Amino acid sequence: MLLLFDFSLPLTDPVLVFTLVLFIILFSPILLKRLRIPSLLGLILAGILVGPNGFNILRLDSSIVLFGTVGLLYIMFLAGLELDMNEFKKSRNRSVVFGLLTFAIPMLVGFPVCYVLLDFDVAASVLISSMFATHTMVAYPIVSRFGLTKNEAVTISVGGTIVADTLVLLILAVITGTAEGTLNTQFWIKLVISLIVFIAIVFVGFPIIGRWFFKKIEGEKTSQYIFVMAMVFLAGFLAELAGVEPIIGAFMAGLALNRLIPHTSTLMNRIEFVGSALFIPFFLLSVGMMVDMTVIFSGQRALIVAGVLIAVAISTKWIAAWIAQWVFKYNGVQRNLIFGLTGSRVAATLAVILIGYNLEIVNENVLNGTILLILITCLIASFVTESAARKLVVLESNKKPELPETHERILVPLANPATVEERIDYALYISDKDSTDPIYPLAVVRDDEEAQQKLLESGKMLEKALKHASAAETPVELLTRVDLNVSNGITRAVKEHLITHIIMGWIERSATDRFFGSILDNLLNNCGQMVSVVRFRQPLNTLRRMVLVVPRNAQLEPGFHRWIKKIKNLSRESGVDVIVYCHGDLIRMLQNLLVEKKPSVSAVFKNLDDLQDILVVSKDLREDDMLVVVCARRGTISYQSEMDAIPHKVNKHFPDNNLIIIFPEQNTGPNAPRFESEGFEVSPIQENIERISKLGRSMRKMFKS
């Protein structure tokens, strides 16, 4: 059987080719890791060895090119998707400045070098200089692996890449038009109009379509992934129609869908997994297969051209990074990180030179020199980026946290199978990214004659929660309790597992219970942990804004900093801006914690003197907004009698919005007093004082009006 199989090189059997590629992707990073060589570089070197210019084991055919192109677009899409949009907005001016630096310096240095030293004509000198200005973020997966995608040095590198590559590709379009004799007024009008239409479709149309799709296909995770990929490649195709490279379209698609795909979601995990496991390694392998090491022996002129190209390409990008460090007051590690990210050349560089070669603007020496340039810059960029990333992680780990850090354990009591996934998603959104503690889904069954049957039913519900959370690679520990009542079961689980935050579902009004039901009343009386009561009408990633209502004296509660942190996590993961209603005395403090301290969120602040006026938020609350109200337990420092009516008010007047009611934690440490309801009851005298104070405020408002 084996004798009948054709093993001639290069391999042509698709099954064998794909098998070999998978083994290369599997073993090359493992082997080179022992030599302290970045795994990214290992795939490029493997591509050199098995490619047509190495041992000729694989052909650089259409299938490799296809997967490589997908991988390149994937890298640019992830770069846009993983950007912290709040930080990107803050640093967009710096991104533009750095983009102009990393474009202008190579152009200004490269043109005289090519024109005078290498004796090329004007068109060739401009083309080669623009090649110096390009870069492909081959090393981006390294900073992603180290969790540094939100660092400002990375943010401006990504933004600068788009600015520089866009300008280069526009220059390429002009040079091509000149060579083909089509550079006229009609050319410029067509280019400008097509770019405007393309940007409008991506940044206006894509979010609208995406929000509609995620609302309609909420539970179909596979369909969501296919939809996202379709939008990415549609954006790449539209970019081509507009006259720019597809990588620009992929990056813009990432920016457009950024707020719809939270970083901790199951969908984001699948996007990163498929890219890292298959498409991006294919791209790196295809880069190596394009490199021809024999160019170094093709003559003295080729060596001179290659040496000059490499020297100018590396030095100009380092100068741009150094100037950025000086202008923006970065440290040396951040400068090296910027240089590593922007120092490698692959896709745009090849596009520029190949087009110039096909139009006979540049010769074979430049083409061969460029191939060698790609290899050298990818080598240097990989080493520099990994070294800088490791140092930066150490530096950031030594910084003092801006909010108090404590362990975090989230309990999610489950009763309704229909709300399992949305409650788990909420837990994922608000959880600390550095926490190693699992999420605890809990099913409580009343101890009666139907307990055994209910246990079987709750087991299926818990399995659903486990499956959903596991898809996002989040540890989960399933809990089941049989108790006399639900609140006792939750309370016992809280004590046994040192829970810090409880996420309860919304319970509608019943004839025998108060609005939230006796379960929540008993829980608030017996537990001091933070409690969130949630009601979701639409997926969290389709929301536009969060309207946050904060009561007077909220900053005096022991759990103030914890719920602030959860609000910031929720805002950043769901991609929503925040409108904060609070008393005037709180505005400055909340502005400092939410906006000025990193990680920051985008927020505006409005005055709200009294919680009885909570319905004033209706003028800001739209269908795609979420209302979050911070309340308090009876007897605590920020409790107001108006809080008892808030659940009924918001449920009645905002029936179509997502709602969250937060009860901040009280002292729950080992030395804290036991949280008993009797010690926190508001006395009749205090209630009367509150009524008089409330009447006085109402009368003052009447006189003012």
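Quick notes on this one:
- Packing-based exposure ordering (other Cβ within 10 Å, fewest first) of ILE162, ILE490: ILE162, ILE490
- Burial order of peptide ranges 415-424, 383-392 (average beta-carbon count within 10 Å, highest first): 383-392, 415-424
- Across the stretch 537-676, Cα pairs under 8 Å and at least six residues apart give a relative contact order of 32 percent.
- Long-range HN-HN contacts of VAL547 with modeled amide H, under 5 Å: ILE579, MET626, LEU627, VAL628
- Put simply, the Cα atoms of the stretch 520-645 extend 35, 32, 28 Å along their principal axes, the longest span coming first.
- Top positive-direction residue, dipole computed over the stretch 537-676 with Cβ charges, set GLN612, TRP563, LEU548: TRP563
Bear in mind these aren't lab numbers, they're just calculated from the coordinates by the rules spelled out. In this text, all values refer to a predicted model and were calculated from it rather than measured experimentally. Counting neighbours? That spans all protein chains shown, and the Cβs are built from the backbone with ideal geometry, glycine included.
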